[in-house]
Amino acid sequence: MKMSKRVVYPMDEVLDFESQALRASTRESAGDVVRPNGSNLMDPREIAHVTGLPLYIFSHKQKRDSLGVPHRRVQKLIRFDRNEVKAWARRWLQDARDQGTDAKADPAVQYRSLQQALASLPA
């Protein structure tokens, strides 16, 4: 019996490995930035978790800029001050209320609008 010289790789495993390696090499870790004691600076995932707002609002530059989300650049990373973001959310919601926009959720709809998400933030 003659063995083939052709090497066959399990492509699913190779693609999975490459995908994991790419994510691991480009992931921002909390250890990248040393926070001073008492600092409220948070990365996009942390601030999205704390506020309950969608992650894309904090991670996409165009969305951040269009909504006027307050942020800081720390080296190459984007960080958010918790108090500033909460103040921004209150101002944004108040402006929407002043314009007569209602933030009540429709029970038949499966998603929340940005205004409904902001309205649900704790004071």
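The values are calculated or read from the model by the stated rules, or taken from the named source; none is laboratory data. Quick caveat, the model's predicted, so the values are computed rather than measured. Counting neighbours? That spans all protein chains shown, and the Cβs are built from the backbone with ideal geometry, glycine included. Accessible surface is based on the protein model in full, side chains and every heavy atom, while ligands, DNA and RNA are left aside. Shrake-Rupley method; radii C 1.70, N 1.55, O 1.52, S 1.80 Å.
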**Test set (1) surrounded by 15 or more Cβ atoms within 10 Å (Cβ to Cβ); (2) among the basic types (K, R); (3) modelled with pLDDT of 80 or more - R73 fails condition number** = (1)
**Residue count, segment 26-62 (criterion: hydroxyl-bearing (S, T, Y), surrounded by 14 or more Cβ atoms within 10 Å (Cβ to Cβ) and either part of a loop (DSSP other than H, G, I, E, B) or at pLDDT 85 or above (or both))** = 1
**Request:** Scan segment 43-73 residue by residue and report those that are farther than 13 Å from A89 by Cβ and in contact with a strand residue (DSSP E or B) (Cβ under 7 Å, 6 or more places away or on another chain).
**Result:** D43, P44, H71, R72
**Complete:** Cβ pairs under 6 Å, 6+ apart or interchain, first in segment 54-78 and within 16 Å of M42 (Cβ to Cβ), second in a strand (DSSP E or B), ordered by first then second residue, are H71/I78; H71/F80; R72/R79
**Request:** Report, by residue number, each residue of segment 71-92 that is assigned to a strand (DSSP E or B), under 12 Å from F58 (Cβ atoms) and β-branched (V, I, T).
**Result:** I78
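Out of curiosity, is A96 open to solvent by less than 40 Å² (accessible area, probe 1.4 Å), modelled with pLDDT under 85, within 14 Å of L114 (Cβ to Cβ) and not in a loop (DSSP other than H, G, I, E, B)?
The answer is yes for A96.
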**Asked** Residues D81, D65, D12: which one is charged (D, E, K, R), at pLDDT 80 or above and loosely packed, with under 10 Cβ neighbours inside 10 Å?
**Response** D12
